[in-house]
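Colleague: Questions regarding the structure given below will be posed in turn.
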Amino acid sequence: MMPRFLSRTLAAGLLMVSGQALSAPPPAYRQEVVVAGSPFQGVHGLALDGKGHLLASNLLGQSVQSVDLRTGAVSTLVGPPLGGADDVTLGPDGSLYWTGYFSGRLMRRTPDGKTRVIAKELPGLNSLAFRRDGRFYVTQLGRGDALWEVDPSGKKPPRQLLSGLGFLNGFEFGTDDKLYGPLLRKGQIARINVDTGTLEVVAEGFAMPVAVNFDARHEHLYVVDAVRGELVRVRLPSGEKEIVAKLPTGLDNLAVGPDDQVYVSNMVDSDIRVINPADGSIRPIVEARLSVPSGLAVAPDDPDEQLYVADVYALRRVGGRDGKISQTTRVLSSRMNFPMNVSLGAKHVVLSSAYLGNVQVLERASGELLRTIPNTNGVQGALELPDGTLLVAEATTGRLVRVDAAEPAGTTVLTEGLEGPVGLVADTEAEEPGVYVTEVRSGRVTRVRLSDGARRTVARGLKAPEGIARHPDGGLIVAEVGRKRLVRIEPATGRTTALASGLRIGLPESEGLPPGYLPTGVAVGGSGTIYLSSDVESALYRFVPAP
């Protein structure tokens, strides 16, 4: 990792706008760290390996990782693209199993290092656990709602046991061989006889219980509540509840050690903490400042260059100059939905998310959520036009669509036939107002006229362009993810100049999410400083014009 504010010289090019030569941009940029990176892109399911390590699933980072509990060092056991795990466990023979939420695949890696798919076509595959007799169970959540029994060897097809449970999440088997787990939508903890299918509620009154584990003696349950940020002990059989620790909201999973220490993951903060239930003390194991930085935006008239960061599990305000995080709106404990792109209008913030398939409009001054517009066509970039309508890039369908400013939100197609549209930036002050769009599949940057959807290719031959922003002098700044570089494009001529290369950007795409996956964000402040998100490092960088 580059030390904070370590700089290096980066080439810059000449500027041409509308065929007219203007003053050249600075001949070089300094690359600096705004927010240093961290090991995870959100952290989810946990499992102890009994050898001093905690296994951690990293869904969006597409990895299964191992944390040394003595040092906190994080290493990767299974990397992208196979390791996209929402939960992880070890089988009786030492095999590693993990669930692919977006891919719908259940994976197994045997002790000799062989990896294979043992179940597939189960979208929303989430939690998993073995019973004492070696039988194996998994759940679907969000993109399904069911409990399945799976052959650990993958030789027999999965067998559905129950459906419509109310999102059974992180579960564990008791010594009575019954399944204990949270029903997320109902705020309850259930006990399920997997042989008969009968279900009993053993505790209730939670806001959003997401995982349970037994204590070391298998007498009582520990429950994490994502919305309230609580670790709760449930005494059995009475169901009496006791809050053991208060934590930040966004908790995802837990694991309990033989010494009753409770390890808890938080996907919003991308961290892991350990709680001592005897006194409620909390100690960090792995820390982070961002979770999954993707889309970026900055107001051109903001002298402080405060960044809006679509951090997938949160919307954060980050000082572009000092890296301080001044505001965080967290998913689950708010109505905001997993932002992957962000743009600014005069009065509004526009967020879009392919994670849950929607576009949201927030009041810029207060942060109040004003509108949620469903869209399951692989939404990527979205922005507000001067007339209040929204323009949305549908990466799966290849369309740009306009959404009415008022409810009910009617939709019209502005243009179609684009190849993986991802990033959008407006050009509404031109004589013929338009929008620039990056096409991640074709490698083009295209200008689309707003009056009739007519298209003009601005630049071609790029490799997986994603984030795009306008420089104050009119140039286009683009994250060319396929070549790991930042480029400048002159909109009148298409001339392309590399500004930085060898960047740590561009996780591989994942099944179940649209072209562009986690978009690499680009924003440009009024000073001409360029900001870039790194999905690979969960970091933010800036490129400052050299004097």
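Colleague: Is it the case that the stretch 416-432 has a residue that's within 24 Å of T329 (Cβ to Cβ), modelled with pLDDT under 95 and assigned to a loop (DSSP other than H, G, I, E, B)?
Modeller: Scanning the stretch 416-432, I find no residue that is within 24 Å of T329 (Cβ to Cβ), modelled with pLDDT under 95 and assigned to a loop (DSSP other than H, G, I, E, B), so the answer is no.
Colleague: If you don't mind, there's one more thing I want to ask. With (1) open to solvent by 30 Å² or more (accessible area, probe 1.4 Å); (2) assigned to a strand (DSSP E or B) as the list, and V445 as the residue in question, which single condition is left unmet?
Modeller: (1)
Colleague: Now, a different point. State whether one or more residues within the stretch 73-85 are part of a strand (DSSP E or B), more than 20 Å from R116 (Cα to Cα), modelled with pLDDT of 95 or more and open to solvent by 10 Å² or more (accessible area, probe 1.4 Å).
Modeller: The first filter runs over the stretch 73-85 and keeps only residues part of a strand (DSSP E or B), leaving 74-78.
If we keep only those that are more than 20 Å from R116 (Cα to Cα) too, we end up with 74-75.
Keeping just the survivors that are modelled with pLDDT of 95 or more gives 74-75.
Among the residues that remain, those that are also open to solvent by 10 Å² or more (accessible area, probe 1.4 Å) are: 74-75.
Scanning the stretch 73-85 turns up at least one residue that is part of a strand (DSSP E or B), more than 20 Å from R116 (Cα to Cα), modelled with pLDDT of 95 or more and open to solvent by 10 Å² or more (accessible area, probe 1.4 Å).
Colleague: Right, next: If you check D322, D279, which single one turns out to be of a type in the set (D, E) and within 30 Å of D473 (Cβ to Cβ)?
Modeller: That would be D322, the only listed residue that is of a type in the set (D, E) and within 30 Å of D473 (Cβ to Cβ).
Colleague: Looking at R495, R460, R488, R470 in this structure, which one is of a type outside the set (F, W, Y), under 17 Å from T438 (Cβ atoms) and free of Cβ contacts under 8 Å to residues at least 40 places away in the same chain? Outline the logic, then answer.
Modeller: Working: R495 fails: free of Cβ contacts under 8 Å to residues at least 40 places away in the same chain; R488 fails: free of Cβ contacts under 8 Å to residues at least 40 places away in the same chain; R470 fails: free of Cβ contacts under 8 Å to residues at least 40 places away in the same chain.
The unique qualifying residue is R460.
Colleague: When you scan the stretch 92-117, how many residues do you find that are assigned to a loop (DSSP other than H, G, I, E, B) and open to solvent by less than 10 Å² (accessible area, probe 1.4 Å)?
Modeller: Residues that pass the stated criteria total 3.
Colleague: Can you pull out the residues in the stretch 530-547 that are open to solvent by 10 Å² or more (accessible area, probe 1.4 Å), modelled with pLDDT of 95 or more and either among the charged types (D, E, K, R) or in contact with a strand residue (DSSP E or B) (Cβ under 6 Å, 6 or more places away or on another chain) (or both)?
Modeller: Selection gives E537, Y541, R542, V544.
Colleague: Do we have any residue at all in the stretch 276-285 that's within 25 Å of A73 (Cβ to Cβ), at pLDDT 95 or above, open to solvent by 30 Å² or more (accessible area, probe 1.4 Å) and of a type in the set (A, V, I, L, M, F, W, C)? I'd like the intermediate steps shown before the answer.
Modeller: Initially, the stretch 276-285 is screened for residues within 25 Å of A73 (Cβ to Cβ), giving 276, 281-285.
From what is left, the residues that are at pLDDT 95 or above are 276, 281-285.
From the residues that got through so far, the ones that are open to solvent by 30 Å² or more (accessible area, probe 1.4 Å) too are 276, 281-284.
Cutting the leftovers down to of a type in the set (A, V, I, L, M, F, W, C) gives us 282.
Yes; the residues of the stretch 276-285 include at least one that is within 25 Å of A73 (Cβ to Cβ), at pLDDT 95 or above, open to solvent by 30 Å² or more (accessible area, probe 1.4 Å) and of a type in the set (A, V, I, L, M, F, W, C).
One line per residue, one yes/no per condition, for (1) in contact (Cβ under 8 Å) with a residue 24 or more places away in the chain; (2) under 23 Å from F102 (Cβ atoms):
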site: P303; (1), (2): yes, no
site: V312; (1), (2): yes, yes
site: Q360; (1), (2): yes, yes
site: A365; (1), (2): no, no
site: G378; (1), (2): yes, yes
site: L390; (1), (2): yes, no
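Colleague: Give just the number: which of (1) surrounded by 15 or more Cβ atoms within 10 Å (Cβ to Cβ); (2) at pLDDT 95 or above does A409 not satisfy?
Modeller: The failed condition is (2).
Colleague: Does A146 satisfy being closer than 22 Å to L184 by Cβ and without any contact (Cβ under 8 Å) to a residue 60 or more places away in the chain? Outline the logic, then answer.
Modeller: On the way: closer than 22 Å to L184 by Cβ: yes; without any contact (Cβ under 8 Å) to a residue 60 or more places away in the chain: yes.
Yes.
Colleague: What residue, of T496, T520, is surrounded by 17 or more Cβ atoms within 10 Å (Cβ to Cβ), polar (S, T, N, Q), closer than 18 Å to A393 by Cβ and out of contact with any Pro (no Cβ under 8 Å at 6 or more places or on another chain)?
Modeller: T520
Colleague: Within the stretch 462-498, work out how many residues are touching a Phe, Trp or Tyr at 6+ places or on another chain (Cβ under 8 Å) and either at positive phi or aliphatic (A, V, I, L, M) (or both).
Modeller: Here the count works out to 3.
Colleague: Could you check, for the stretch 463-471, whether at least one of its residues is assigned to a strand (DSSP E or B), in contact with a helix residue (DSSP H, G or I) (Cβ under 7 Å, 6 or more places away or on another chain) and either open to solvent by 10 Å² or more (accessible area, probe 1.4 Å) or over 28 Å from N377 (Cβ atoms) (or both)?
Modeller: Taking every residue of the stretch 463-471 in turn, at least one turns out to be assigned to a strand (DSSP E or B), in contact with a helix residue (DSSP H, G or I) (Cβ under 7 Å, 6 or more places away or on another chain) and either open to solvent by 10 Å² or more (accessible area, probe 1.4 Å) or over 28 Å from N377 (Cβ atoms) (or both).
Colleague: Out of everything in the stretch 500-517 that is of a type in the set (A, V, I, L, M, F, W, C) and open to solvent by 10 Å² or more (accessible area, probe 1.4 Å), what residue ends up being farthest from L418 (Cα to Cα)? It would help to see each step written out before you state the result.
Modeller: Going through the stretch 500-517, the residues of a type in the set (A, V, I, L, M, F, W, C) turn out to be 500, 503, 505, 507, 513.
Next, only the ones that are open to solvent by 10 Å² or more (accessible area, probe 1.4 Å) stay: 503, 507, 513.
Working: L503: 27, L507: 22, L513: 17 Å.
The selected residue is L503.
Colleague: Can you tell me which residue among S294, S265 is open to solvent by less than 20 Å² (accessible area, probe 1.4 Å) and in a loop (DSSP other than H, G, I, E, B)?
Modeller: Going through S294, S265 in turn, the sole match is S294.
The values are calculated or read from the model by the stated rules, or taken from the named source; none is laboratory data. This is a predicted model, so every value here is computed, not measured. Virtual Cβ from ideal backbone geometry, glycine too; neighbours counted across all protein chains shown. Heavy atoms of the whole protein, side chains included, go into the accessibility calculation; ligands, DNA and RNA do not. Shrake-Rupley method; radii C 1.70, N 1.55, O 1.52, S 1.80 Å.
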